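After the C-alpha cells below, expect a handful of questions from me.
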Amino acid sequence: MKISNETKVGALTAVAITILILGFNFLKGTNLTERNDIIYAVFPNIQGLTPSNGAFINGLQVGRVTELHESDKNLSGIIVSISLNKDINIPRNSIATINSDFLGSTSIEIIMGDNRTDFVRKGDTLQSTAKMGMMAEISKSLNPAINNINTTLASLDVLIQKLNATLDTDAKNNLQNIFASLSSSTKALDKMIHAQSATLGNTLGNVEKITGTIAQNSGKIDSAIGHLEKTTAHLAQADFEETLQSVVKTMNKLETTLSLVNSKEGSVGMLLNDRKLYDEIRMTNRSLTTLLDDFRMHPKRYVSVSVFGKKAKGEPLMQPIYDSIPGK
C-alpha cells in the first residue's frame, strides 16, 4: 500500500505539534508523565518567585511552581499554582511559605500540619504566611545595631564640638603637649622592648635547657618519686599509736622521777633539797682536805721511815691550805 505525501505531511505535523506541546509544558515545569495535581497558595508578595521554582517539604522537592497571576485588579494578592509530582498526604492545615536563601534563590516551602485525617486535594488552596528572606532577616538584625552606632557617632560629634568650643588656646596646647609626650613615651617603650628582646630570648633559651635537663633525668626523678612513695607507704604502715603510747608511758615515768627528785623524800631529793645535809657534806669534804694537806706537809707525823729519826713536832693543821669555805 502506497502512502500519499499528504498523509506523510499530516503525520509529521501531528508529531511536531505533540513535541511542541510537550516541550512547552517541560519549559513551564510540567511533566506529563508524572502526577500533576494542582494546588494553590495566595501571597501578598512573591519575593522574586518565578515559574519552575521548586516546592519542598522537609527539604524534599515534591513539585514545581507552574503559574503566577494576580487575584484581582487591585493586586490584593498573587495566586501561585503548585504542581505536585509526588503522592504525599499533605494535611489541610499545612502552611505554604516563600523561602529565599543567601544566594537569592527562591522556592516554595510547605510546612506540614498535624491533621492526619483531612488532606489537601487537587484544586485546594493552602494557607500561606509571609517569611522574610535571609538577607531581609540579616538586615532586620543589623538595623538596630546600625541605628545605635549612628546615634553614638552623633553624640560623640556633639561632644567633640562642645569640647572644642570649651577648651581655650592654652588647654589645646596642653593637650597637644600631652599627646606629644605620649608619643615619645611609646617610642621609648618600643626601644626598651627591642633592647630587652635579646635578654628575653636568652631567658627562654635557659628555660628550654632546664626543661630539656628535666626531660633527660625523668627516669631518675621517677625513681626518686618511687622511693618516696615506698617510704610514705612504710610510714603509713608503721604502728604510730603503739609508739605514741610508749612515749606517753616514758614521759609519765620521767615526770614521776622528777617529782621525787623535787620532793624531800628519798636520797636524791634530800641531797638536792636539804640544806643541812649539803652543809655537812661540805664540812666533811673540808675536814678530809685538811687531813690530806696535813699528811702531805708532815708525813713523819703519821709514818716513821728512819730508825734513828724522831717524829716531827709541830701543831697539826686546823684547816686546809686552800680553804674554799671562807670564815670556817
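The numbers here are math on the coordinates, done by the rules we state, and not lab data. As the structure is a prediction and not an experimental result, all values here were calculated from the model. Here the Cβ is made from the backbone with ideal geometry for all residues, glycine too, and neighbour counts use every protein chain on show.
If we sort 82-88, 214-220 on the protection proxy, mean other Cβ atoms within 10 Å, highest first, what's the order?
Peptide ranking by packing, descending: 82-88, 214-220.
Summarise the long-distance tail of P(r) for the stretch 35-131 by giving the % of C-alpha pairs beyond 19 Å. Intermediate values should be presented prior to the final figure.
Working: 1624 of 4656 pairs.
Summing the P(r) tail past 19 Å for the stretch 35-131 gives 35 percent.
Suppose every Lys and Arg Cβ carries +1 and every Asp and Glu Cβ carries -1, with no other charges. What dipole size does the stretch 35-131 come out with about its Cα centre, to the nearest 20 debye?
My answer is approximately 140 debye.
Ok, one more. Report the relative contact order of the stretch 35-131, percent, no decimals, based on alpha-carbon pairs under 8 angstrom and at least 6 residues apart. Please list the in-between numbers first.
Values: 229 pairs, mean separation 34.5, N = 97.
Normalised by residue count, the contact order of the stretch 35-131 is 36 percent.
Using modelled amide H (1.01 Å from N, peptide plane; none on Pro or chain starts), what sits under 5 Å from the amide H of S52, excluding residues fewer than 5 places away?
V65, T66
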